[in-house]
Amino acid sequence: MKLCMIGTGYVGLVSGVCFADLGNDVICVDKDINKINNLKKSIIPIYEPGLDELVNKNYKAGRLKFSTNLSQAIEKSSIIFICVGTPTKKNKYEADLSQVYSVANQISKNIKSFKIIINKSTVPVTTGDKVEKIISSKVKKNLFSVVSNPEFLREGEAIRDFIYPDRVIIGTSNKKSNKILKNLYLPLISKGAKYINTSRRGAELIKYASNAFLATKITFINELANLCEKLDINIEDVSIGIGTDKRIGGRFLRAGPAYGGSCFPKDTRALVDTANKSKTFLSLVNSVIDSNNKRTEILLKRIKSILKNKIKNRKITFLGVTFKANTDDMRESSSLKMIPYLSKKGAKILYYDPTGQKDEFNKFKNVKFKNNIKDACEKSDLIVIHTEWNEFKLIDLKKIVKNKNFIVYDMRNIYSPEKMKKQNIKYFGIGR
Ligand code: UGA
């Protein structure tokens, strides 16, 4: 099939490359000419394991093309995916849909034969209706169909999540589009993915509901972790104990720092905004947002108590600063609050991240990047495991840290407290 992806961010690029790998002809379009020129040279704008190989392979095979020419891409494709960003508006909960509407406008000027227009961007309920309205102001209704097809890709696992999804959600009441899209996704359905056809609004809500539910699960376990710390219970036991009940499920029950990234914080806010506009109060999602916002303060308090309230001039090392492992994404990472706070209190902070130095910390004079674990840790008073990269799991801390009384605060529970005790390392985890 001939597809075009408008927007080569996470969603557009990963989906485009994976669709090409399934044998489709895909044009990835972006208005950023540098990005497109780089992609043609296999320079990938994001850190995503396995993506560069897949881009290379499919570009060379001619199934994958990169372009800045939107009208040409639309003309050549029968299925058009809108994959642009929908960030939160400044100081609001509302999603900024300007990019989606601008793309819809451009699509409306370029339709000459039947096209399926798919919204893959995460958009509030009724956005599909508005996109349809924009296009129908210039194009006859029988020449296009607007469908919602949300994505469920995790950064760092995006290719696997694309190839082996639990489900494919297609929000349309148009039978022709439904048939074509079922065919497009057939290779994934035949591997076990459930194909679910819903209303367009239903599909739009499923996306937000999924992220809000997962954010709720994490927040729930994070709050229980606070309780476990008071009652000397291991949160890991609780996660396993409740997660083995199939009605609950064990995934997304890892306690840790506040959830971050480009999706959960933004999408929970947008869901609340959508509900407010429909005069519906989502008390639970509101509480999740509040609780997550307060989580960083709780962990900072813990750091203060671990350091017996003496932060000034203490050497604190952060291992990993992105919002989670296997990504270079800093968006809404809790380190963005923790590091500046500790730096303002006079701590000397060194950090190491496998994805390199982060511009966000350049303005803080007592925050420095080290390009290896040893240099970051050797003089440390406190080592904070902020993200769960595999390379942090096997560090021989006793060997690399020279300061005998160093402390470890493992915010991802990657180490065994028993092993730490045996090695005489002062160790604190989350909820245990
Ligand atoms: C999330 C969803 O998992 C994807 O299904 C969805 O497609 C994506 O948002 C999106 O809407 O585009 P992502 O933000 O890449 O994916 O990352 P997750 O792996 O879901 O992690 C989000 C946050 O939750 C991270 O800060 C992570 O550390 C935290 N988390 C996750 C926990 O604290 N505990 C867990 O058990 C799981």
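Residue-level check: of (1) in contact (Cβ under 8 Å) with a residue 12 or more places away in the chain; (2) away from the ligand (no atom under 16 Å from the Cβ), Glu297 misses just (1).
Please give the number of the condition Asp353 fails out of (1) closer than 27 Å to Lys426 by Cβ; (2) open to solvent by 30 Å² or more (accessible area, probe 1.4 Å); (3) more than 12 Å from the ligand (Cβ to nearest atom). Going through the list (1) closer than 27 Å to Lys426 by Cβ; (2) open to solvent by 30 Å² or more (accessible area, probe 1.4 Å); (3) more than 12 Å from the ligand (Cβ to nearest atom), Asp353 breaks only (2).
Cβ-Cβ distance below 6 Å, separation of 6 or more or different chains: which pairs start in the range 320-339 with a residue that is free of Cβ contacts under 8 Å to residues at least 24 places away in the same chain and end on one that is open to solvent by less than 30 Å² (accessible area, probe 1.4 Å) and more than 9 Å from the ligand (Cβ to nearest atom)? Going by the 6 Å Cβ cut-off, there are no qualifying pairs.
The conditions of being aliphatic (A, V, I, L, M), farther than 19 Å from Gly429 by Cα and assigned by TED's automatic domain parsing to the domain that holds Leu394 are not met by Ala325.
Checking each residue in the range 320-350 for being within 16 Å of Lys266 (Cβ to Cβ), assigned to a loop (DSSP other than H, G, I, E, B) and not aromatic (Phe, Trp, Tyr) picks out Lys324, Thr327, Asp329, Met330, Arg331, Glu332, Ser333, Ser334.
If you go through the range 62-102 and keep only what is in a loop (DSSP other than H, G, I, E, B) and without any contact (Cβ under 8 Å) to a residue 40 or more places away in the chain, you end up with Gly62, Thr68, Lys89, Lys90, Asn91, Asp96, Leu97.
None of Lys337, Lys393 is within 18 Å of Glu297 (Cβ to Cβ) and within 16 Å of the ligand (Cβ to nearest atom) except Lys337. In the range 237-246, the qualifying residues are those that are open to solvent by 60 Å² or more (accessible area, probe 1.4 Å) and assigned to a helix (DSSP H, G or I), and the one that is nearest to the ligand (Cβ to nearest atom) is Ile240. Within the range 290-321, the set of residues being open to solvent by 30 Å² or more (accessible area, probe 1.4 Å) and in contact with a strand residue (DSSP E or B) (Cβ under 6 Å, 6 or more places away or on another chain) comprises just one member, Lys315. When the residues of the range 257-289 are filtered to those that are within 13 Å of Phe220 (Cβ to Cβ) and open to solvent by less than 30 Å² (accessible area, probe 1.4 Å), the one that is farthest from the ligand (Cβ to nearest atom) is Val285.
Each row is one residue, and each column tells you yes or no for (1) open to solvent by less than 40 Å² (accessible area, probe 1.4 Å); (2) touching a residue at least 60 places away in the same chain (Cβ under 8 Å).
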site	(1), (2)
Lys133	no, no
Glu155	yes, yes
Thr172	yes, no
Lys175	no, no
Lys179	no, no
Ala209	no, yes
Ala212	yes, yes
Thr216	yes, yes
Ala225	yes, yes
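Just to be sure, is Glu223 within 15 Å of the ligand (Cβ to nearest atom), in a helix (DSSP H, G or I) and over 20 Å from Asn293 (Cα atoms)? Taking the combined requirement at face value, the residue does not satisfy it.
Note on the range 383-432: residues that are on the phi < 0 side of the Ramachandran plot, of a type in the set (Gly, Ala, Ser) and open to solvent by less than 20 Å² (accessible area, probe 1.4 Å) total 1.
Scanning the range 120-145 for residues that are under 28 Å from the mean Cα position of the chain (by Cα) and not in a helix (DSSP H, G or I), we see that the one that is nearest to Ser77 (Cα to Cα) is Lys120. Does the range 181-191 contain any residue that is open to solvent by less than 40 Å² (accessible area, probe 1.4 Å) and part of a loop (DSSP other than H, G, I, E, B)? Yes, because at least one residue in the range 181-191 is open to solvent by less than 40 Å² (accessible area, probe 1.4 Å) and part of a loop (DSSP other than H, G, I, E, B).
The values are calculated or read from the model by the stated rules, or taken from the named source; none is laboratory data. Note that this is a predicted model, so its numbers are computed, not measured. Virtual Cβ from ideal backbone geometry, glycine too; neighbours counted across all protein chains shown. We work out accessible area using only protein heavy atoms, side chains counted, and drop any ligands, DNA or RNA first. Shrake-Rupley method; radii C 1.70, N 1.55, O 1.52, S 1.80 Å.
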